[in-house]
Amino acid sequence: MTMVVVTGVASELGMRVCELLAGDPSVDRVLALDLRSPAAVPAGVEVRAVDLATAELKPFLEGAEAVIHLASVFGPSMDGPEIEAGVQVAMARRVLDAAGDASVSAVVIASSATVYGAWGNNPVPITEDAPTRPCPDLTYAVHEGEVERLALEWREEHPDSTVCLLRPCPVVGDGSAGWLARALDRASSLVAASADDPPMQYLHLEDLASAVDVARRRRLDGPVNVAPDGWLTGTERRALDPAPRLRLPDRLVSEVASWRWRLRLAPIPPGILAYVRHPWVVANDRLRSAGWVPTFSNEEAYVAGHAAGPIEKLSPRRRQELALGAAAGAVVAAGIGGVVAIRRARRT
């Protein structure tokens, strides 16, 4: 019997991967683990409510040929107690430990191309033999880099097993962009457009799911980039925007981004600005040589995931006024808070 265990089934990616596994005649059993309940369960998939951060995992992995680890604490929320506590890394460690105890022969982990970092001296494109240099201010990239380090150590301790580290570029779905793609979009809308805008890539969710399946079936080992062929230049991406954008002067970008993040006005976490200022596009040669073929180009994925919403339908100038107004309000609030704090200090 061929059994595959999938973590993070409640996510869109998890559900799609489980659908592919359920339709594979070579897989006899699919066991999906998640603390949350999935919106829909594919036929033939067994779902168990499991907290990967606290539960004993070995019993669930006993007899599994492969484990696909997709669970993540990052998503709509990009900070909070779980992220600050490093639960992303802790979950991966516990899954790997249980996989070792259960003698699982193949592990696939969803990582991120952000682990390469966004640096001015990055090659274009980046191949898997490049070092990982995540930007230190982007917690997501740092935590994924640590997960990869643990996974590579695990592989050395289990030479008969394989560990595939999938590094996808920003992911989008039909009618919506993933959280990282949304954060990059919001950040890029602040940065002044120029001829030096770095290239960007966009991966459709369906293509990421098929990449996960290829990695499992082909028992790929080590880091593997996931991206469509090529990339979009800054000019090409701006031409595809649902509505034109009016950028802010450089001197205001960091300040506005910081306050929009603190006030939860936009998903622009600290460190994301580097990823819209420097190149970090990746090559997909290794995955293609394993038989993976993307069905969406960068252009098609971008358009599929970027339908115009209420904000985009406003005029560029009105959106800029709202952004500047929010930033100004935040600065005023901070000033008032500082004055209050000083007065309280003097009273004591």
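The values are calculated or read from the model by the stated rules, or taken from the named source; none is laboratory data. Computed from a predicted structure; not experimentally measured. Here Cβ is always computed from backbone atoms with ideal geometry, including for glycine, and neighbour counts include all displayed protein chains.
Whenever a residue of segment 258-286 is more than 27 Å from residue 130 (Cβ to Cβ) and of a type in the set (A, V, I, L, M), its partners that are at pLDDT below 95 and assigned to a loop (DSSP other than H, G, I, E, B), lying with C-beta atoms within less than 9 angstrom and at least six residues away or across chains, give the pairs 266/189; 266/190.
Entry remark, segment 182-221: residues being at pLDDT 90 or above and more than 14 Å from residue 118 (Cβ to Cβ) number 20 in total.
Yes or no: segment 304-319 includes at least one residue that is in a helix (DSSP H, G or I), modelled with pLDDT of 90 or more, in contact with a strand residue (DSSP E or B) (Cβ under 8 Å, 6 or more places away or on another chain) and farther than 27 Å from residue 137 by Cβ. Yes, because at least one residue in segment 304-319 is in a helix (DSSP H, G or I), modelled with pLDDT of 90 or more, in contact with a strand residue (DSSP E or B) (Cβ under 8 Å, 6 or more places away or on another chain) and farther than 27 Å from residue 137 by Cβ.
Residue 73: hydrophobic (A, V, I, L, M, F, W, C), part of a loop (DSSP other than H, G, I, E, B) and crowded, with 16+ Cβ neighbours inside 10 Å, yes or no?
Details: hydrophobic (A, V, I, L, M, F, W, C): yes; part of a loop (DSSP other than H, G, I, E, B): yes; crowded, with 16+ Cβ neighbours inside 10 Å: yes.
Answer is yes for this residue.
Within segment 276-301, the residues that satisfy the criterion of being out of contact with any Ser or Thr (no Cβ under 7 Å at 6 or more places or on another chain) and at pLDDT below 95 are 277, 278.
Does residue 228 fit the bill of being at pLDDT 80 or above, under 21 Å from the mean Cα position of the chain (by Cα) and part of a loop (DSSP other than H, G, I, E, B)? Before the answer, list the steps.
Working: at pLDDT 80 or above: yes; under 21 Å from the mean Cα position of the chain (by Cα): yes; part of a loop (DSSP other than H, G, I, E, B): yes.
So residue 228 fits the description; yes.
Summed over segment 201-241, residues that are without any contact (Cβ under 8 Å) to a residue 40 or more places away in the chain and of a type in the set (Asp, Glu) total 0. In segment 14-46, what residues are aliphatic (A, V, I, L, M) and within 19 Å of residue 217 (Cα to Cα)? Across segment 14-46, the qualifying residues are 15, 17, 20, 21, 22, 27, 30, 31, 32, 45.
Condition check ((1) among the hydroxyl-bearing types (Ser, Thr, Tyr); (2) assigned to a helix (DSSP H, G or I); (3) closer than 22 Å to residue 298 by Cα) across all residues:
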{"residue": "108", "(1), (2), (3)": "no, no, no"}
{"residue": "114", "(1), (2), (3)": "yes, yes, yes"}
{"residue": "119", "(1), (2), (3)": "no, no, yes"}
{"residue": "122", "(1), (2), (3)": "no, no, yes"}
{"residue": "132", "(1), (2), (3)": "yes, no, no"}
{"residue": "145", "(1), (2), (3)": "no, yes, no"}
{"residue": "182", "(1), (2), (3)": "no, yes, yes"}
{"residue": "196", "(1), (2), (3)": "no, no, yes"}
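When residue 52 is tested against (1) under 22 Å from residue 220 (Cβ atoms); (2) buried (at least 19 other Cβ atoms within 10 Å of the Cβ); (3) of a type in the set (A, V, I, L, M, F, W, C), only condition (1) is not met.
Scanning segment 55-70 for residues that are closer than 27 Å to residue 139 by Cα, in contact (Cβ under 8 Å) with a residue 24 or more places away in the chain and of a type in the set (A, V, I, L, M, F, W, C), we see that the one that is surrounded by the fewest Cβ atoms within 10 Å (Cβ to Cβ) is 57. So for segment 17-31 (the condition being at pLDDT 95 or above, outside any helix (DSSP H, G or I) and crowded, with 21+ Cβ neighbours inside 10 Å), does at least one residue qualify? There is at least one residue in segment 17-31 that is at pLDDT 95 or above, outside any helix (DSSP H, G or I) and crowded, with 21+ Cβ neighbours inside 10 Å.
The rows are residues; the columns are (1) farther than 20 Å from residue 96 by Cβ; (2) of a type outside the set (A, V, I, L, M).
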position: 18; (1), (2): yes, yes
position: 23; (1), (2): yes, yes
position: 29; (1), (2): yes, yes
position: 38; (1), (2): yes, yes
position: 43; (1), (2): yes, no
position: 48; (1), (2): no, yes
position: 54; (1), (2): no, yes
position: 58; (1), (2): no, yes
position: 61; (1), (2): no, no
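If the condition is being under 20 Å from residue 206 (Cβ atoms), out of contact with any strand residue (DSSP E or B) (no Cβ under 6 Å at 6 or more places or on another chain) and touching a residue at least 24 places away in the same chain (Cβ under 8 Å), then segment 20-50 contributes 20, 24, 38, 39, 40, 42.
Is it the case, given these coordinates, that residue 117 is surrounded by fewer than 20 Cβ atoms within 10 Å (Cβ to Cβ), in contact (Cβ under 8 Å) with a residue 40 or more places away in the chain and among the small types (Gly, Ala, Ser)? Talk me through it step by step, then tell me what you get.
On the way: surrounded by fewer than 20 Cβ atoms within 10 Å (Cβ to Cβ): no; in contact (Cβ under 8 Å) with a residue 40 or more places away in the chain: yes; among the small types (Gly, Ala, Ser): yes.
Taking the combined requirement at face value, the residue does not satisfy it.
Among the residues of segment 20-66, the ones that are touching a Gly at 6+ places or on another chain (Cβ under 8 Å) and acidic (Asp, Glu) come to 1 in all.
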